[in-house]
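Shown next, in structure tokens, is the structure this report addresses.
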Amino acid sequence: MIISQKNQVILRHATEKDFPQIDELTMICYSAIYESFVEMVGKEIYKEIYHKPDLPWPKSKTIQNHNLFAEHPDWLWVLEEQDLIFGFVSFKLKPEKNYGIFDNSGVLPAYAGQGWGKFMYRQVLKFFKSTGLRFALVETGLDDAHIPARRAYEGVGFDHQDLITMYYQDLDKNNPSSDTQE
């Protein structure tokens, strides 16, 4: 089902046959974010807390889209130009709390900076509004890898922030029982 069209590009509901392209796009778009995250928390902390040997990073990220699609196929949309999927966006509706939340999204680097992320986000926001929701939420990182995403979200009107940070500590390197560190 077509949601919107701009020039020769259509934004439409994803289908099962789109997943090879969506998976590849997800890995391309999230690789810099993954690398930035590992660098921020450190390789050892990442390995112990976040790494899943039975579900390595690329698979764990792509499976999020598959799981959402299995439950709500209409909550995953793709940007397509001449059979090439070059962007996607997924979201969730929380009508009991009166909001929608953006989940995963990405645009191929060759299409980045051309407004396609904003195009998708505006359509999702229109959809949220049409379903009677009052609020929209998106969660994103503050690292450099997330700069394009933050610009796109701000460009479609996201203007309230709740900034948090997570601290990590390697207890093998810092002895918590030592009183000399106070």
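The values are calculated or read from the model by the stated rules, or taken from the named source; none is laboratory data. Keep in mind the model is a prediction, meaning the values are calculated, not measured. Here Cβ is always computed from backbone atoms with ideal geometry, including for glycine, and neighbour counts include all displayed protein chains.
Worth pointing out:
- Residues of region 1-38 satisfying the condition of being modelled with pLDDT under 95, β-branched (Val, Ile, Thr) and surrounded by fewer than 16 Cβ atoms within 10 Å (Cβ to Cβ): Ile28
- Taking region 39-57 as the range and being exposed (fewer than 13 other Cβ atoms within 10 Å of the Cβ) and β-branched (Val, Ile, Thr) as the test, only Ile49 passes.
- Residues that are more than 12 Å from the chain's Cα centre (by Cα) and of a type in the set (Asp, Glu) within region 70-125 comprise Glu71, Asp74, Glu80, Glu81, Asp83, Glu96, listed in sequence order.
- Number of the condition not met by Pro73 [criteria: (1) surrounded by 13 or more Cβ atoms within 10 Å (Cβ to Cβ); (2) at pLDDT 95 or above; (3) more than 18 Å from Gly132 (Cα to Cα)]: (1)
- Yes/no for Ser105 being surrounded by 18 or more Cβ atoms within 10 Å (Cβ to Cβ) and among the polar types (S, T, N, Q): yes
- Residue count for region 116-147 under the criterion of being surrounded by 11 or more Cβ atoms within 10 Å (Cβ to Cβ), at pLDDT below 85 and not hydrophobic (A, V, I, L, M, F, W, C): the result is 4.
- Count of residues meeting criterion [farther than 20 Å from Leu137 by Cα and either in contact (Cβ under 8 Å) with a residue 60 or more places away in the chain or of a type in the set (Lys, Arg) (or both)] in region 101-120: 2
- Cβ pairs under 6 Å, 6+ apart, first in region 59-83 and in contact (Cβ under 8 Å) with a residue 12 or more places away in the chain, second surrounded by fewer than 14 Cβ atoms within 10 Å (Cβ to Cβ): Glu81/Gln8
- Those strands (runs of 3 or more DSSP E) of region 1-90 that lie entirely within it include none in which at least 3 residues are closer than 17 Å to Ala145 by Cα.
- Counted residues, region 97-131 - those being in contact with a Lys or Arg (Cβ under 8 Å, 6 or more places away or on another chain) and either within 24 Å of Ile63 (Cβ to Cβ) or basic (Lys, Arg) (or both): 4
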